[in-house]
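To keep things clear, I will list the structure first and then write my remarks on it.
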Amino acid sequence: MKRILTIQDISCLGKCSLTVALPLLSAMGVETVILPTAVLSTHTMFSGFTCKDLSDQLEPIAAHWKQEGIAFDAIYTGYLGTEEEIDVVKGIIRDFAAENTLVFVDPAMADNGKLYPAFDEHYAKKNAALCGVADVIVPNITEASFMTGIPYRESYGEDYVKELLSALTALGAGTAILTGVSLREGKTGAMGYDSGTGEYFSYQNDRIPAQYHGTGDIFSSVAVGALMRGLSRQDAIQVAADYTARTIDVTRNNPKKPWYGVDFEATIPELVDTLRRYASETVE
Ligand code: PXL
């Protein structure tokens with residue numbers, strides 16, 4: 001079984017970051033080691049949330065793992081609360097990333113043209129430097145625009161997406177995957193670029209007319225989990241995009257839907273079935 005280390009906050013209530021990454025990756029059959037960067041009462045879209053920063057715990061925890069000889073097949077980072085934390089996380093990547101370790105960075109910090117409440121432009125540049133040490137990065141268009149300095153646009157064509165992808169890989173990441181990319185009316189999905197081979201890959205499915213918090217974390221967790229299960233990058237973004245869209249659809253049809261996150265718990269069995277199908281195709 002592959003072993004992944006994921007470094008993100010715990011938002012106790014809110015269905016994002018570690019509270020979705022851990023259940024999804026475990027359900028996908030990937031051993032998941034967590035490194036919580038902070039404990040918040042809720043995610044930061046609630047007002048009045050509490051936050052206990054755990055930055056000073058990260059290095060001692062990692063040092064203990066080192067002493068125990070622990071290694072990881074992937075290191076997956078998500079929402080990180082402060083610039084100092086980004087530096088510490090870069091050090092942990094340096095210490096644990098072996099030649100075959102996939103470093104997968106989701107620079108979760110912004111959406112819909114705006115940074116999340118806790119962040120400013122300086123933080124965005126720091127996140128850009130973290131992306132520079134990754135093998136695969138998965139920003140949305142807003143995050144890509146803050147990191148590259150290319151102005152954010154709501155309507156665009158494939159040229160704009162390619163310009164962003166090229167600027168993102170120029171930060172140093174081998175492969176950039178832009179999420180929330182709409183290449184046709186009524187569609188949405190992801191488009192990736194491998195700067196090593198010059199190849200593009202992309203996937204579009206129907207846009208569900210609803211927006212929920214934490215869906216970026218769901219896409220990233222499923223995409224990295226699928227890569228760990230041996231799927232190609234093309235298949236991984238398809239599985240992640242289809243699962244995210246399906247989960248949004250189930251959520252919007254739930255009369256008691258919570259506003260702060262999606263009902264991913266309801267769709268986990270379908271995700272497990274999907275992976276089983278891919279596994280049987282590989283064996284045949
Ligand atoms: O879903 C990203 C995320 C993760 N963690 C915290 C957040 C957010 C987005 O707002 O506030 C604490």
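The values are calculated or read from the model by the stated rules, or taken from the named source; none is laboratory data. Everything numeric in this text was worked out from a predicted model, so none of it was measured. Note that we place each Cβ from the backbone using ideal geometry, even for glycine, and neighbour counts take in every protein chain shown.
With the requirement that a residue be in contact with a strand residue (DSSP E or B) (Cβ under 7 Å, 6 or more places away or on another chain) and farther than 18 Å from residue 12 by Cα, what does segment 202-217 give you?
Within segment 202-217, 202, 203, 204, 205, 206, 207 qualify.
With the condition kept exactly as written, say whether any residue in segment 234-242 is in contact with a helix residue (DSSP H, G or I) (Cβ under 7 Å, 6 or more places away or on another chain), within 16 Å of the ligand (Cβ to nearest atom) and among the small types (Gly, Ala, Ser).
Scanning segment 234-242 turns up at least one residue that is in contact with a helix residue (DSSP H, G or I) (Cβ under 7 Å, 6 or more places away or on another chain), within 16 Å of the ligand (Cβ to nearest atom) and among the small types (Gly, Ala, Ser).
In segment 47-81, how many residues are within 14 Å of the ligand (Cβ to nearest atom) and closer than 22 Å to residue 224 by Cα?
Residues that pass the stated criteria total 6.
Scan (1) under 22 Å from residue 102 (Cβ atoms); (2) touching a Leu at 6+ places or on another chain (Cβ under 9 Å); (3) buried (at least 24 other Cβ atoms within 10 Å of the Cβ) for the single condition residue 264 breaks and write down its number.
(1)
Mind listing just one residue for me: the one in segment 82-141 that is within 16 Å of the ligand (Cβ to nearest atom), outside any loop (DSSP other than H, G, I, E, B) and among the charged types (D, E, K, R) and, of those, surrounded by the most Cβ atoms within 10 Å (Cβ to Cβ)?
If we take residues in segment 82-141 being within 16 Å of the ligand (Cβ to nearest atom), outside any loop (DSSP other than H, G, I, E, B) and among the charged types (D, E, K, R), then 85 is surrounded by the most Cβ atoms within 10 Å (Cβ to Cβ).
Can you work out which of the residues in segment 1-46 that are over 24 Å from residue 98 (Cβ atoms) and away from the ligand (no atom under 12 Å from the Cβ) is nearest to the chain's Cα centre (by Cα)?
So, considering only residues that are over 24 Å from residue 98 (Cβ atoms) and away from the ligand (no atom under 12 Å from the Cβ), the one nearest to the chain's Cα centre (by Cα) is 24.
If the Cβ limit is 7 Å and pairs must be 6+ apart or interchain, which residue in segment 233-253 that is under 17 Å from residue 16 (Cα atoms) and at pLDDT 95 or above pairs with which residue that is crowded, with 18+ Cβ neighbours inside 10 Å and of a type in the set (Gly, Ala, Ser)?
240/223; 240/226; 241/189; 241/190
Return the residues of segment 168-200 that are in a helix (DSSP H, G or I) and either surrounded by fewer than 17 Cβ atoms within 10 Å (Cβ to Cβ) or of a type in the set (Lys, Arg) (or both); say none if nothing qualifies.
Answer for segment 168-200, where residues must be in a helix (DSSP H, G or I) and either surrounded by fewer than 17 Cβ atoms within 10 Å (Cβ to Cβ) or of a type in the set (Lys, Arg) (or both): just 170.
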